[in-house]
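The values are calculated or read from the model by the stated rules, or taken from the named source; none is laboratory data. None of the values given here were measured: they were computed from a predicted structure. Don't worry about glycine lacking a Cβ; one is built from the backbone with ideal geometry, like all the others, and counts go over all protein chains shown. Remember, those area values only see protein heavy atoms, side chains included, never the ligands or the DNA or RNA. Shrake-Rupley method; radii C 1.70, N 1.55, O 1.52, S 1.80 Å.
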Amino acid sequence: MQQQQRPLISVEGLSRRFGDSGQTPVFEDLWFGVDRAEFCCLIGHSGCGKTTILNVLAGLDQPTEGAVIVDNREIDGPSLDRAVIFQGHALLPWLTVMGNIAFAVTSRWPSWDRAKVRDHAAKFIELVGLTGAEGKRPAQLSGGMKQRVGIARALSIQPKMLLMDEPFSALDALTRGMLQDEVLRICAATNQTVFMITHDVDEAILLADRIVLMTNGPGAKIAEIVVNTMPRNERHRNDLHRHPQYYAIRNHLVEFLVNRSRAFDQEIAEHGYDPRRLKLVKPGLAAVNPPAEVVPLTTGRRQ
Amino acid sequence: MAAFKNSLRLRAALLSLLIFAAIVGLWQIATQPVAGSGTAAVDPEYAKLVGVAAATGSKSAMPTPADVGATLWKHLLDPFYIRGSNDKGIGIQLAYSLGRVLLGFALAALVAVPLGFLIGMSPLVYRALDPFIQVLKPVSPLAWMPLALYTIKDSAISSIFVIFICSVWPMLINTAFGVAGVRKEWLNVSRTLEVGPFRTAFKVILPAAAPTIMTGMRISVGIAWLVIVAAEMLVGGTGIGYFVWNEWNNLSIANIITAILLIGLVGLVLDQVLAWLAKLVTYPE
Ligand SMILES: Nc1ncnc2c1ncn2[C@@H]1O[C@H](COP(=O)(O)OP(=O)(O)OP(=O)(O)O)[C@@H](O)[C@H]1O
Ligand SMILES: [Mg+2]
């Protein structure tokens, strides 16, 4: 028994390779953890293996090497304790909004009678602001509404942790903002542990307590972990950019995505790298005293 | 827009009526008794077959539309009479055929849907059974008839078996196809919710594959209804196929045409019922 303080989710030496052993793994030797009640974001370019990591965390996919330890036990499959919000919303199209959520609720509490299931589901439909749309099928909903149903379904089973795969990336800016606020509020209220994938830098700064930076695949690694030193109660969507630490953090992330993510091997050669002892960087703190030099704003993605 | 659609429907109906009238008109002209042409040389075989009067043309064996109308009316007035084993109402005969089709079809569904599930879910079973399916599927169901008669020794059950064998393939293939095509993400939803295999099969895979399965059933019922007529012609006894064959022996073309019309109508109803059921289980994505 290892009684040292382990985070709630502990990723230990994870590698995943598709195809035969000659192929380069999608990612290799990943070590990181997500603490209880923490909001952790994973950021990286498209195709670096983010969804693959999430699938392993969810128990839907097996790693080639390494293990994921949750609550001091190695996971060996999916669990109701780890709710997943999928990259596509993955609603069952033949069920109504109520039916989709009730399906999850009955899976969690098989002994509940219909009325109790419906009551419980209705609470979560209300939580995401979909009251009135209970009887609609997914095809009748907008993209944002579908995503909300996905969120309500995940929350309705009252999981110990939430795994989210780019839940907002398919939405327009306005809807995305609204949903981000809602998720933030719900997670704070329920003290959720969240692991979320994104490739949107501002989303990561708004939501995350820590941001895990992943290099480009194949053979992707975790470069470092950025601590979001902006306290949760000072992070507001509309004046995020006025926060003194904002640009420093943002520049650091953008700099990583634009340059360092693809030239990380060079960095290893120069400075060394221990995948088990990742650098914790706090670009926000450095900015509070000396004024940050402002890197021109580019988007997080490669052009 | 709606008005245009209505008018289109109206015009189509008018055109249908016109075509119907034309067919009946041509038919009437073609079957007019031709006066005074009774001396043409007639193949004696043919004369024996259709009767001298008809062969020499004084009265065509081909009934006029009015004859068929009268026969149809007579059948519709009293469809369910039974006067001896060889003289039953057309409704009774249709009911026999329908019963066989539904029984054979239901048995086929009982086998094809679970087996299709298995094939769709397991690539191993799929590969193992594929050669059998590929070889047996193209065989005419009637080719099974002698084998069935020999082994089962009962003509009624044999025709049900033939219906079974012809309706099993489309259902089997469509079920397997539908089950194999269930989206991975829906299965993942079920897995992350720790839903057991049976609940997943009934609550996720079955509804997801239901439209494809129903399409297979619709094809199957259509084929079964085609095959039952031929099967009953072969085994005789009862059924609409036997009725047609019997009326051919009686040389009652009017009865045969009546039967053809009714077979078509029943087939239409079967198809529409299945289409309606399919619509119930389809979901928009
Ligand atoms: N089942 C699979 N078989 C083979 N290769 C796969 C499979 N799933 C993923 N990959 C490969 O693994 C790599 C990472 O895929 P993944 O979906 O994890 O990327 P991602 O980081 O989530 O990308 P995005 O941001 O576009 O969602 C890709 O190169 C992909 O081709
Ligand atoms: Mg992805």
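The table that follows gives values for the structure above.
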| item | result |
| --- | --- |
| Close pairs (6 angstrom Cβ cut-off, 6 or more residues apart or separate chains): more than 9 Å from chain A (Cβ to nearest Cβ) in the range B:179-201, part of a helix (DSSP H, G or I) and among the polar types (S, T, N, Q) anywhere | B:T200/B:S190 |
| Single residue of the range A:107-116 satisfying the filter (outside any loop (DSSP other than H, G, I, E, B) and away from every other protein chain (no Cβ under 11 Å)) that is farthest from ligand 2 (Cβ to nearest atom) | A:A115 |
| Residues satisfying the stated conditions in the range A:242-293, i.e. of a type in the set (F, W, Y) and farther than 15 Å from A:I225 by Cα | A:Y246, A:Y247 |
| Matching option when the condition is away from chain A (no Cβ under 14 Å) and in a helix (DSSP H, G or I), among B:L280, B:L268 | B:L268 |
| Looking only at the range A:1-38, and only at residues there that are acidic (D, E) and outside any loop (DSSP other than H, G, I, E, B), the one that is nearest to ligand 1 (Cβ to nearest atom) | A:E28 |
| Boolean, A:C41 is at pLDDT 95 or above and either within 14 Å of ligand 1 (Cβ to nearest atom) or surrounded by fewer than 16 Cβ atoms within 10 Å (Cβ to Cβ) (or both) | yes |
| Residue list for the range A:144-165, restricted to those being of a type in the set (D, E, K, R) and either within 16 Å of ligand 2 (Cβ to nearest atom) or within 14 Å of another protein chain (Cβ to nearest Cβ) (or both) | A:K146, A:R153, A:K160, A:D165 |
| Condition check for B:I152: of a type in the set (V, I, T) and open to solvent by 50 Å² or more (accessible area, probe 1.4 Å) | yes |
| Test: residue in the range A:91-106 that is within 16 Å of ligand 2 (Cβ to nearest atom), assigned to a loop (DSSP other than H, G, I, E, B), touching a Phe, Trp or Tyr at 6+ places or on another chain (Cβ under 9 Å) and open to solvent by less than 10 Å² (accessible area, probe 1.4 Å) | no |
| Condition met for A:D61 (within 13 Å of chain B (Cβ to nearest Cβ), touching a helix residue (DSSP H, G or I) at 6+ places or on another chain (Cβ under 6 Å) and either within 16 Å of ligand 2 (Cβ to nearest atom) or within 23 Å of B:E185 (Cα to Cα) (or both)) | yes |
| Among the residues listed as A:C41, A:C48, the single one being touching a Ser or Thr at 6+ places or on another chain (Cβ under 6 Å) and within 16 Å of ligand 2 (Cβ to nearest atom) | A:C41 |
| Residue pairs meeting the criteria (Cβ under 7 Å; at least 6 apart or on separate chains; first among the hydroxyl-bearing types (S, T, Y), in the range A:16-33; second surrounded by 13 or more Cβ atoms within 10 Å (Cβ to Cβ)) | A:T24/A:P218; A:T24/A:G219 |
